Each structure stands twice: as structure tokens, then as C-alpha cells.
Amino acid sequence: MTHLGVSVDCIANLVTFQLKNDNSSHPFYFDRQTTAPFALPAGYCFVITDVFVNPEVTSFGSGQFFLVVITVDGARSITVRSDGHTTHLPLTAGLVAPDPNLPGFHGLDARNTTFSTGPVEIQLLGYFIKKSKSLGVGIAFTP
């Protein structure tokens, strides 16, 4: 994991199931369990530190291309390109999914675009942190 110094009970592994390349929105699950969909508890933020894109390929070929978009809050996003191999994107500072009680909160979702050669699975590593102050969508920082 990119960010160290976090209590082990706050670290989470979020994974999608296989996403078809149809650009439809999909949720994340804790530890790839359908009985445990990701939900951000009130009063907490989730800091994404690492993104993995795992293309579902059986053999590598030239011209394979995968493009996925992970969206936080309906506005903050990460776009990851892969050439058919697993792609790891470490986020040094992280990307924050803010407290769900803030105005404009829309959750966290993933899309495998129609540009992709085929299906992918997406994994996020990150941690929960008790909110002291968090910026909602479109809210400017004020110290």
C-alpha cells in the first residue's frame, strides 16, 4: 500500500467484479464479497491510495487497450489506461471520498469504457479516517 502509518483496522480492500466494456456504472465491494457492498459511514472519509486494473485476458496481443474510470462523488475521477497487463497506479497523496453527509455526495463507482478491448476487474486499496474537515464537490478550500 502506498500510504504507511495507518492503523490496520482502518485499511480496506475494495474490488469490483468483472466489468464488461459497456461504460455502465458499477459499485465496489469489500474483499470482493457481494454481501459487503462498499458504504462510507457518516463522519468518515475514505482515502484511496492505490488503484489496480486487471484486464481479463487469456493471451496478450498487440493492440490490446483498456480504459477505466473510477469516479468519486460524481465529479472527482481517476482514469487508468492498461495495455493488457495489470496496471498499478499508486497515489502518493491519495484521493478522498468525503463524508457522505456532505452536499453532493454520490458515492464511489467504476466504469470500463467502450474503448476497452474487453472486461476488467478494478481493485482499490485505501483507508478510513475520522473526518475533521472534508471538502464536498465543488467546495473551495478555506483554511
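Values quoted throughout were computed directly from the atomic coordinates according to the rules given, and no laboratory measurement underlies them. None of these values were measured; they are calculated from a predicted model. Here the Cβ is made from the backbone with ideal geometry for all residues, glycine too, and neighbour counts use every protein chain on show.
For Lys131, list long-range residues whose amide hydrogen, built 1.01 Å from N in the peptide plane, is under 5 Å from its own amide hydrogen.
Those lying under 5 Å, H to H, from Lys131 are Tyr44, Cys45.
All other residues with a Cβ under 9 Å from the Cβ of Pro55 taken together, and with Lys, Arg as +1 and Asp, Glu as -1, what is their net charge?
That works out to -3.
Residue-wise, which Karplus ³J(HN,Hα) couplings in Hz belong to region 21-30, taking 6.51 cos²θ - 1.76 cosθ + 1.60, θ = phi - 60°, and x for glycine or proline?
Going residue by residue, I get 7, 10, 6, 7, 7, 9, x, 9, 10, 5 Hz, with x marking Gly and Pro.
GNM on the chain, C-alpha springs below 10 Å: top fluctuator among Phe17, Phe46, Phe60?
The residue with the greatest mean-square fluctuation here is Phe60.
Given Cβ point charges of +1 (Lys, Arg) and -1 (Asp, Glu) and nothing else, what value in debye, to the nearest 20, does the dipole of the chain about its Cα centre take? All intermediate terms of the calculation are to be shown ahead of the outcome.
Numbers: 8 positive and 10 negative charges, 61 e Å.
The dipole magnitude comes to about 300 debye.
Please identify which residues in region 117-132 have an amide N closer than 16 Å to a label point set 7 Å out from the Cα of Val6, following the Cα→Cβ vector.
123-132
Using the basic label-point model (7 angstrom from Cα toward the beta carbon), what is the Thr35 to Thr92 distance in nanometres?
Result: 4.2 nm between the two label points.
Translational diffusion coefficient, Stokes-Einstein: compute it for the chain using the Kirkwood radius over C-alpha pairs as Rh, at 37 °C and 0.692 mPa s, and state it as an integer in µm² s⁻¹.
The estimated diffusion coefficient comes to 209 µm²/s.
So what J values fall out for region 5-16 if you push phi through Karplus, 6.51 cos²θ - 1.76 cosθ + 1.60 with θ = phi - 60°, rounded to Hz, Gly and Pro as x?
Those phi angles translate into x, 10, 4, 4, 6, 9, 7, 9, 10, 10, 9, 8 Hz.
So, R0 is 35 Å and r is the distance between the beta-carbons of Ile129 and Phe60; what FRET efficiency does that work out to, to 0.05? List each step's numbers first, then the result.
On the way: r = 39 Å, r/R0 = 1.10.
That gives a FRET efficiency of 0.35.
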